[in-house]
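K.L.:
Questions regarding the structure given below will be posed in turn.
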Amino acid sequence: MPGYKVREIREIVDGKFHKKGENSLVEHLCTDSRKVDHPFRSLFFAIKGDRQDGHKFVQDAADRGIRNFIVSKKVKVQSNWPLNIILVPDVLLALQNLCKHHREQHRIPIIGVTGSNGKTTVKEWLNELMHDDYNIAKSPKSYNSQIGVPLSVWQLDDRHELGIFEAGISEKNEMEHLHEIIQPDIVIFTNIGPAHDSGFKNTKEKIKEKLKLSGDSGMLIYRKDYAEIEKVLFKSKQSIRSLSWSTKDESANIYFKLNTKENHTEVSASYRMMEFNFNLPFKDASNIENALHCCCVLMCDSNYHSNEILNKKLSRLYSVPMRLEQRAGINNCILIDDSYNADVQSLKIALDFQQQQNRHLKNTLVLTDILQTGKEPEKLYKEIASLVNKKKLHRIIGIGNEITSYSNKFSKIPNTTFYKDVDTLLDELEKLNFDSECVLFKGARKFQLERMVAALSQKIHRTVLEVDLNAITNNLNVYKSKLKPETKIMAMVKARSYGAGSSEIASVLQFNKVDYLSVAYADEGVALRKSGIKTPIMVLNPHLEAFEAILKYKLEPEIYSINQLDGFLNLLGSLQKKVKLPIHINLDTGMNRLGFADDDIEELIGLIQSSKQLKVKSVFSHLSASDDLAAKTETLSQIKHFKNSCKTFEKGLKLDFLKHILNTSGISNYTYHQMDMVRLGLGLYGLDPNAKVQKKLQLSSRLKTYISQIKEVKRGERIGYGLSAKIKKKTKIATISIGYGDGLPRLAGNGKFQVKVNGELAPTIGNICMDMCMIDVGHIADVQEGDQVTIFDDPVSVRTLAESCQTIPYEILAGINERVKRVYFQD
């Protein structure tokens, strides 16, 4: 573990002491006050970004025991400990300079990986291929940002022999910093695509920026088939040493010949007078490309100049799960699958995610031996035990001879069970009685934990809605960046968070400290409370029958009519114990849906003033057409109407309350009317009518299914119920496992919508059935039963589906049936 004294760090970052305490040792760097494991030996960086200012959390970090801080402005901090606070002009630059200095103390070979896609896969595969021969430090997960890269490089210590680090950029002039920190000897440029296009003038500029990772000394490995990379590289003024490879152009430094078989791909190539012949356990283009990047690295290393060794190594490769995967398990369990690798840093990330998803379930950890760390086993498992003992786990299930040997270190956990292998555990699975637990699976691939995950998973049909929790966080931050720091956010999680899942999304939002959640009905709020959500919750349609539940679970009802308010007042008056009921007043300013009319306001003020049991938390209204700039006059009229009504309220009640009228498109189009709070709905899930905002959003949900059967049909044959489709020429049709019972609208049939199979579009054919539908795949090569089919995976495909069904994206997302399995991912 790296270690520097605080005064040495002050010199490295060229800072000044704002407060000077003991010259303590720093081993850990922290940028998030919520994630502190070793406070006394940690250094907190108060990074100020577009969306959040780390200086706001300095006191929180101090309360958690941190004694060392780097800030860019003076802060007041109370602590029982003497503090070191170093003042610098730029905190992020200080972090980068410290880690640059640290890299310079470890002169080992480093591989840097950049590109638009595949960075994490290439990094993980290189680690899998080379860890037997080198002690490797690598980026945790996909840590490739201006913050993630220095935190990755900080891991380097004297035991490491090789480093593999990702580098990603989103705008100009970022790569220079990452190059200085990584100082790579080899750079892999995976490919070029549309990711982060908005930060650059054009693709040429983006390629130029990414090439800066090589500097003047690193060797660049790239695929010659990407003409744009080749063209920019040829014209580059940098003296870049390069190694090109291709499957099409024999003039490349390495020309790979591919021969696709049923379950693998045969590869042959020559390099430096050596002949290589090996098999890849894939046949799809994406995995082959990533694998061949790795092969180039191996072919440059004399350790791997043997076809026997290469084939043995490459047979290990597997599709890398990029993110933690969460799914439903048996007996009300939640399963978190992070079983593709295991190291201490990724274990910490996974445990944090498990804690974030707290729903009053018992937390269980299934952990295998941790392999190839280079640490003495006793020190390693002491460190792991120290980490897990802080997480309030219900039980630990250990698998492997090594972790079993150190089982005594986990004595603070109430229930511990250890097995030599997964086979032994599976034989005794029923005895473990999994029930109402959040089970995290973390381990080395050789232990095949996926078998245990499969045994405990709910058996649901293969149509899946994948929900990306990182996208939710990204989208939340996009809108935060448009708001003043003091403006509060109410996040809409009604209708199961637009189909994405109630408690799962609410947990992420609570973790990111939104101010309010909003549900349609009281029972939705009750379910969130039972799952551990403590954030204030507004109920949009509170029925009087739910009064007791509203009080018991501390929900806050919307009040929209005199009759409704009278009903709540009568119920409040009948209570023996006087309580305060927080309420939210809905004013109708032009939508003519729910809400108080202008004529009701005087009576409403009187009722509120006469009751001592009501507390007005907010007054709000709904915009009718904030997404339609052609209706700007009407929208501004509504906003003016609302502001005038609020003035009447403030004058009559003589009370402070929050005012809010902007929804998602209101935030985008009328930001300057944000008032005290905004209500974030569809934008949170990745859709916004404003094109500029849409570019920054990520769709949170992807709907996928599989091909059940493929048939050849002849000209003149008819397809499906009602014989609505007649075949015009011989083709192949595939039946896929999704229908209107799952949420694919019936109107999407008969060619009105196209799904994606192996990267190509396939139109629906015939009517959509309840549980399945048919698609035309006659034009798609190599299509097979069992192939994955994507219904939607980006904003364009969601909108296209909605338009084909004469509806709106809201209805598409919210209409995904509960029988469709939800799988949750988080980096």
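The values are calculated or read from the model by the stated rules, or taken from the named source; none is laboratory data. As the structure is a computational prediction, the values presented were derived from the model and not from experiment. All Cβ positions, glycine included, derive from the backbone under ideal geometry; neighbour counts span all protein chains shown. Surface accessibility is based on the protein's heavy atoms, side chains included, excluding ligands, DNA and RNA. Shrake-Rupley method; radii C 1.70, N 1.55, O 1.52, S 1.80 Å.
K.L.:
Taking the Cα centre of the stretch 724-779 as origin, sum charge times position over the Cβ atoms of Lys and Arg (+1) and Asp and Glu (-1), and report the length of that vector in debye to the nearest 20.
P.N.:
On the way: 8 positive and 4 negative charges, 74 e Å.
Value, rounded to 20: 360 debye.
K.L.:
As an exercise, use a Förster radius of 22 Å and the Cβ-Cβ distance of ASN570 and ASN541 to find the FRET efficiency, rounded to the nearest 0.05.
P.N.:
It comes to 0.70.
K.L.:
May I ask for the net charge around SER708, where only other residues with Cβ less than 9 Å from the Cβ of SER708 are counted and Lys, Arg are +1 while Asp, Glu are -1?
P.N.:
Counting the neighbours of SER708, the net charge comes to 0.
K.L.:
Okay, next question. Working out 0.36 nm times the residue gap between THR203 and GLU104, then minus their Cα-Cα distance, what length gain in nm do you get to one decimal?
P.N.:
Result: 32.4 nm gained on full extension.
K.L.:
Another question about this same structure. Computed FRET efficiency, Cβ-Cβ of ARG7 and SER407, R0 45 Å: what is it to the nearest 0.05?
P.N.:
Once the sixth-power term is evaluated, E becomes 0.60.
K.L.:
Does anything in the stretch 140-156 have its amide N under 19 Å from the 7 Å Cα→Cβ label point of ARG316, and if so which residues?
P.N.:
Within reach of a label on ARG316, which here means backbone N under 19 Å from a point 7 Å along Cα→Cβ, the stretch 140-156 contributes 140-141.
K.L.:
Something else about it: Ignoring ligands, DNA and RNA, what accessible area per residue does the chain give at 1.4 Å, in Å²?
P.N.:
Heavy-atom accessible area per residue stands at 44 Å².
K.L.:
Calculate the spin-label point distance for ASN592 paired with ASP133, positioning each point 7 Å from the Cα along the beta-carbon direction, and give it in nanometres.
P.N.:
7.6 nm
K.L.:
How much length, in nm to one decimal, is gained on full extension between GLN613 and SER239, taken as 0.36 nm per residue of separation minus their Cα-Cα distance?
P.N.:
Residue separation times 0.36 nm, minus the Cα-Cα distance, leaves 127.1 nm.
K.L.:
Next question. Check cross-link reach from LYS375 to the aspartates and glutamates: straight Cα distance under 17 Å, and skip same-chain residues fewer than eight apart.
P.N.:
Hits, sequence-local ones excluded: GLU27, ASP132, ASP133, ASP157, ASP158, GLU161, ASP343, GLU383, GLU402.
K.L.:
For a Förster distance of 25 Å, can you work out the FRET efficiency between the beta-carbons of LEU723 and ARG746, rounded to the nearest 0.05?
P.N.:
0.95
K.L.:
If amide hydrogens are placed 1.01 Å from N in the peptide plane, which non-local residues have theirs closer than 5 Å to the one on ASP794?
P.N.:
none
K.L.:
Here are some pairs, LYS534/LYS659; LYS494/LYS612; LYS617/LYS643; which of them have Cα atoms lying more than 19 Å apart in this structure? Kindly include the intermediate steps, with their values, before the conclusion.
P.N.:
Numbers: LYS534/LYS659 22 Å; LYS494/LYS612 30 Å; LYS617/LYS643 16 Å.
Over 19 Å apart, Cα to Cα: LYS534/LYS659; LYS494/LYS612.
K.L.:
Right, here's the next one. Taking the Cα centre of the chain as origin and charging only Cβ (+1 Lys, Arg; -1 Asp, Glu), how large is the dipole, in debye to the nearest 20?
P.N.:
On the way: 116 positive and 100 negative charges, 284 e Å.
Computed charge dipole of the chain: roughly 1360 debye.
K.L.:
Expressed as a whole percentage, what fraction of the accessible surface of the chain belongs to carbon and sulfur atoms when a 1.4 Å probe is rolled over the protein heavy atoms?
P.N.:
That fraction is 47 percent.
K.L.:
Follow-up. Stretch ALA454-LYS382 to full length: gain in nm at 0.36 nm per residue minus the Cα-Cα span?
P.N.:
Length gained between ALA454 and LYS382: 22.9 nm.
K.L.:
Antiparallel as a % of all DSSP beta bridges within the chain, to the nearest 5? Intermediate values should be presented prior to the final figure.
P.N.:
Values: 52 of 134 bridges.
Antiparallel: roughly 40 percent of the beta bridges in the chain.
K.L.:
Got a sec? Which residues in the stretch 382-402 would a label at ASP157 touch, if it sits 7 Å along Cα→Cβ and we count backbone N under 17 Å?
P.N.:
It comes to 382-388, nothing else.
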